[in-house]
Amino acid sequence: MSILKRPRSNDRFRSAPVAGLTTTRQLVGFIRATHAGPTLVVTAATTALALAAGRGEGTLWVSAAVLAGQCSVGWSNDAIDADRDVRVNRLSKPVVAGLVTKKQIANASVAAFVLCVVLSLASGWRAAAVHIVAVLSAIAYNAKLKATVFSPVPYGISFALLPAFVTLGLPAHGWPQVVVMIATGTIGVGAHMVNAVADIDDDAATLVRGLPQRLGARRSLDVGAALLLIAGVLVAQRCAHRELAYWLVGVLAVVDGGVLLAGATARPRVAWRLAMLAAVICLAIFVVGGGSLVSAR
């Protein structure tokens, strides 16, 4: 819980001098509200997967569509959580800090979703349908499921569908290997378990009771780190360049150890950053796998 003085009401908060902000400050607010770190990691990782799978120039459409989808998800999260964030004075959120308003990022989320649909269609209707489901799943987490025991489910679904968005846009319209979808879904769930730890106190104050909050910080970190390592091993076993893949798994194990150490020493933000690094390493193993993303038909 923050020791800073909180606004007396949401109305007072909304009457703060947001209207007089410069365009630059608003832009900073919009960027921060996308949850820039995870957004860039997911976009960059999917772009790398598209290149490895042979999407060629189509990779640009994949990258743009995923970026738009991630922006929509991030903005919807801050718009939906705005009132709760005000109650716990979460000044790290741009709405609470007065950089943007709840209405502005809600409108931006809708616009980004429409753009995501248009950009996704450039990969064909099959790929577009899968990507739209992935984005809607993430928005469903923001809207309702984050406060339930099923909070990991949208993460599992959305991440599992990302490689399918890539491969269904290939000329053969093939699905990824099942193990690839399981592994990316596992990465998503693992990242969720670690990510939630940083905000457990604030979530408790606003009655958000997802699975990580029910398990507690230490067990959530343990589960999250284990899932990330499992995902790396799953893919390494299918890679053509196994020696390099298993070397990356070794690095992943060290980073996972850092996640657990950061959690044990009450540094949840450090644990999250290390978990992001672990997720990047997992996806690097996918890139090593290259064309093996697509199932044999």
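Here, each number is a calculation from the coordinates, and none is a lab measurement. Quick caveat, the model's predicted, so the values are computed rather than measured. Heads up, the Cβs are rebuilt from the backbone with ideal geometry, glycines too, and the neighbour counts pull from every protein chain shown.
Brief remarks follow.
- Annotation: the chain has a Kirkwood hydrodynamic radius of 19.6 angstrom, from the mean reciprocal C-alpha pair distance.
- Calculated from backbone phi, Karplus (6.51, -1.76, 1.60) coupling profile of the stretch 62-71 in Hz, x at Gly/Pro: 4, 4, 5, 5, 5, 4, 4, x, 5, 5
- Amide H partners (placed H, <5 Å) of LEU170, local residues excluded: none
- Rounded to the nearest 10 degrees, the inclination of helix 102-121 to the longest alpha-carbon principal axis of the chain is 20 degrees.
- Annotation: peptides 229-238, 183-192, ranked by per-residue average of other Cβ atoms within 10 Å with the highest first, follow the order 183-192, 229-238.
- Take the convex hull of the alpha carbons in the stretch 89-248; its mean projected area over all directions comes to 11.2 nm².
- Within the chain, helix-based [θ] at 222 nm, where runs of 4 or more DSSP H residues each add -39,500 (n - 2.57), nearest 500: -24000 deg cm²/dmol
- Phi to ³J(HN,Hα) by Karplus 6.51 cos²θ - 1.76 cosθ + 1.60 over the stretch 148-154, Hz, x for Gly, Pro: 10, 5, 8, 4, x, 4, x
- Top positive-direction residue, dipole computed over the chain with Cβ charges, set ALA64, MET193, ALA279: MET193
- Highest to lowest packing among 152-160, 101-109, scored as the average C-beta count within 10 Å: 152-160, 101-109
- Backbone geometry of the stretch 31-43 corresponds, through the Karplus equation with coefficients 6.51, -1.76 and 1.60 at θ = phi - 60°, to 3J(HN,Hα) couplings of 5, 4, 6, 6, 6, 3, x, x, 4, 5, 5, 5, 5 Hz, x marking Gly and Pro.
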